[in-house]
Each structure stands twice: as structure tokens, then as C-alpha cells.
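Reviewing the structure listed below.
Bear in mind that the values in this text are calculations on the coordinates, not laboratory data. Quantities reported herein were computed from a predicted structural model and do not represent experimental measurements. All Cβ positions, glycine included, derive from the backbone under ideal geometry; neighbour counts span all protein chains shown.
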Amino acid sequence: MNGPRDAADRARKALLDWSRRRPPAQPRPDGEPLYVMVTIDTEISMGGALKDHSVQPIGPDVRIWGRLPDGTWGIECFMDTFEAFGVRGVFFYEPFAKNIVGEAAIADAARAIVARGHSVELHVHPEFKMNLEAVRRGEMEKPSALLHSYDADAQRAYIAEGAADLERWTGVRPIAFRSGGFASDEVATDACAAEGIPIDSSYNVWAVANGVSPFELTPKLNDVAMLANGVLEVPTTNLFTRGPKRGMRPFELSSLNAAEMIAAVDEMYELGMRVCCTLTHSFRLIRTTNQVRFRVVTYRDLPLERWKTSLPPPPAEPRYPSPPAWTAVTRMALQAIKDRGVV
Ligand SMILES: [Zn+2]
């Protein structure tokens, strides 16, 4: 319990305890804990394949399994992490990619998630229901990526087909739905009701405020609500970040740091909220850059022989790295707390 990690955790806790907002604690609704969900939109990418015909879509191998030469950074990495903490993740799984990369590969990954005891729920990107070659040849129009742009019957057909696919592949029927890009509204929740899917998780007040999602719910939602059609809406949680670039943003795991997330969850608990629904993507842990920038070595690994003949003379002025100001502020604050014997 005395490692550097533990010290950092305690320092962060001390900083948060000192600085975070502390709303008067509300009684917990129904005496329940705050339910926290980690949801992962799991999908392929067209990768520019429609614009550039020499490019292929980026399929499940990279975008879902995250297989790269330096490691595996996709769904297994998420599941390993969840299991290390004894929790389960939710994978909002996009089945219409079967039209782009073939059904077998898409079905395999969905099955693998359920086989390890995690949840597969339905995520729909309607634009994937296409014949890529036909679109490239100009024989077929690229389908709209916005679910709300389809009529009610077409939306229901998408949800029905997607749910049936997932059930056929995994043996488990999805009970929750999230539209691709949050591009849906009340009409899709009616389709969920008609298809026996009791939960919609497409509402995101940030997406509504930015014109991405046409949901017209009043009041705005940032916690669970029962819709008039009997569907439970579980919105993506939004929070207000402070400091530079402050403002409302979704609880997207890759755009917040651990301290912000911990403070947000604690505050939601005290505010008496019921569900914290966080969000990320199956490809977020993939390192697409910096793979060859650094290598941890010993003195013995230095290219001594080559440098004997190739090393240029030192520059007249040495160069110095200069991290941004906030990192220094953080260091000073941590140091001040340590000096007071808190950690
Ligand atoms: Zn998506």
C-alpha cells in the first residue's frame, strides 16, 4: 500500500476533497447506490473508403479487436480491465458492418464479448447497410448516417434487423439501444417499444444542444427517465468541466482525466442521481501514433558503435523541453499537500 501509485491516488483524493463542489447530500433514491455504467460503442470505420477507392474500410481486426503489431488494444483489453476489478462492461455493438466486412467477422467479436460475461447491446449506424462496390460504382446512393432521417417504418426495420442479428450471433437479445452519432429521437424509442427493447440510451443533452440529435424532450435529461411510450431513457451523462475550454461535455472516458471523473461520480451520488452512463469507443485505446517515438533502454542498448562515427557536434545552445504551465501548477499543489503531511 505504499507504492507510488497509492501515493498518487491519495494525493488526488486529498486534492479533490479540498477542491471539489460538495452539494448538500440528498437521500439516495429508493436507497439504491449510484449505478455507474461503462459503455463502449463497438464498430468498424469506413476509413475514407468511399472517397478513396484505393482504401479499404478498417474492419474489426483493428477497430474492434484492436490488433496492432505492438499489442492488442481493443475489446479484450477493456474486458481484461473490467475483470481485474470484478465488473462488467456494456458493448454497444454495431451489426450492420456485416454488409461491409462480412457477417462472420462481425458475429465472432460479439460472441466473444458475451462468452466472457459482458453485455452486448444494439448500436446502429444505418450508413453501413450498403453494398460498398455498388456505391463506389455510382449504382447505389450512400445511405444516410442519420437514423432520424428515415421514416418510422425504416427506423423500426433497422432496429428489428440489428436486434435479431445480435440475438442470432450471441444467443442473447439486446435490451438497450443507442443510435450511431446520437442521431435519433422519440421515433426510434417508439421503434424500441414496438420491438420489445425496453431501454433507449441515445439521448445526450450535449448532442441535443449542438443540433446533432433532434430529441425535443422537455425538460432536458441528464439522468434516467421513463418516457411516455414506456421506454426507459438512460441518457449519456454530461458534466460541466471547469478551467480552460470549460463547458458541458459528455462523460467520454477519453476526454476526461481520472480526477474529473472521480469528482463527477462523487457529486452525482450526493446530488441523488440514479445512473452515471459513461461512454467510449472500442478503438480508443489503439495507439495510432507515437508507436516508434520512444523506447525504454539501458546504457547497453545505446548505438555506441554507430555514434562513434556519426554523432554531430553538440549545438551551440542546449535545447530544453518545456511542459505546459498547468502541469507545474499541479506539481506545486501536490507538493504543498505533501509538505503538510497529508500524503
Ligand atoms: Zn457509433
**Prompt:** Using the Cβ atoms and a cut-off under 12 Å, what net charge is assigned to the surroundings of THR236, where Lys and Arg are +1 and Asp and Glu are -1?
**Reply:** -3
**Prompt:** When the chain is modelled as a GNM with alpha-carbon springs shorter than 10 Å, which of PRO29, PRO60, PRO95 fluctuates the most?
**Reply:** PRO29
**Size of electric dipole in the chain: Cβ of Lys, Arg +1 and of Asp, Glu -1, about Cα centre, debye, nearest 20** = 1920 debye
**Item:** Straight-distance crosslink candidates among lysines, where the alpha carbon sits under 18 Å from LYS13 and sequence neighbours closer than 8 are dropped
**Value:** LYS338
**Neighbourhood charge, 10 Å Cβ-Cβ cut-off, centred on GLU103 and excluding it, Lys, Arg +1 and Asp, Glu -1** = 0
**Asked** If you add up the charges near GLY272, with Lys and Arg at +1 and Asp and Glu at -1, over every other residue whose beta carbon is less than 12 angstrom from its beta carbon, what do you get?
**Response** -3
**Message:** On a full-extension model of 0.36 nm per residue, what is the gain between ARG88 and ARG173, subtracting their alpha-carbon distance, rounded to one decimal in nm?
**Reply:** 28.9 nm
**Item:** Contact order normalised by residue count of the stretch 22-281, Cα under 8 Å, 6+ apart, percent
**Value:** 21 percent
**Message:** Out of the trypsin sites (Lys or Arg not before Pro) in the stretch 69-144, which ones are loop residues according to DSSP with at most 10 other C-beta atoms within 10 Å?
**Reply:** ARG137
**Prompt:** Applying the Karplus parametrisation 6.51 cos²θ - 1.76 cosθ + 1.60 with θ = phi - 60° to the phi angles of the stretch 108-118, what ³J(HN,Hα) value in whole Hz is obtained for each residue in order, glycine and proline being reported as x?
**Reply:** 4, 5, 4, 4, 5, 5, 5, 4, 8, x, 9
**Asked** Among GLY47, GLY86, GLY211, which one shows the biggest mean-square fluctuation in a GNM of the chain, springs joining Cα atoms closer than 10 Å?
**Response** GLY86
**Message:** Which one, VAL265, TYR35, VAL275, is farthest towards the positive end of the dipole of the stretch 22-281 when Lys and Arg carry +1 and Asp and Glu -1 on their Cβ?
**Reply:** VAL265
**For PHE92, distant residues with modelled amide H under 5 Å away** = ILE40, ASP41, THR42, GLU121
**Asked** Rounded to the nearest 0.05, what FRET efficiency do ALA152 and ARG300 have when you use their Cβ-Cβ distance and R0 = 41 Å?
**Response** 0.05
**Message:** Of the candidates ASP52, ASP61, ASP151, which one comes out as most mobile in a Gaussian network treatment of the chain with C-alpha springs shorter than 10 Å?
**Reply:** ASP52
**Prompt:** Tell me, what is the Rg over Rh of the chain, with Rh the Kirkwood radius over Cα pairs?
**Reply:** 1.03
**Asked** Given the Cα-Cα distance of ASN210 and ASN257 and 0.36 nm per residue of separation, how much length would full extension add, in nm?
**Response** 14.6 nm
**Prompt:** When the chain is fully extended, how far beyond the present Cα-Cα distance does LEU271 get from ARG28, taking 0.36 nm per residue of separation?
**Reply:** 86.6 nm
**Complete:** With the dipole of the chain defined by +1 on each Lys or Arg Cβ and -1 on each Asp or Glu Cβ, the option from LEU221, PHE240, PHE182 whose Cα lies farthest towards the positive pole is PHE240
**Fill in**
Per-residue ellipticity at 222 nm attributable to helices in the chain (runs of n ≥ 4 DSSP H, -39500 (n - 2.57) apiece, nearest 500 deg cm²/dmol) works out to -10500 deg cm²/dmol
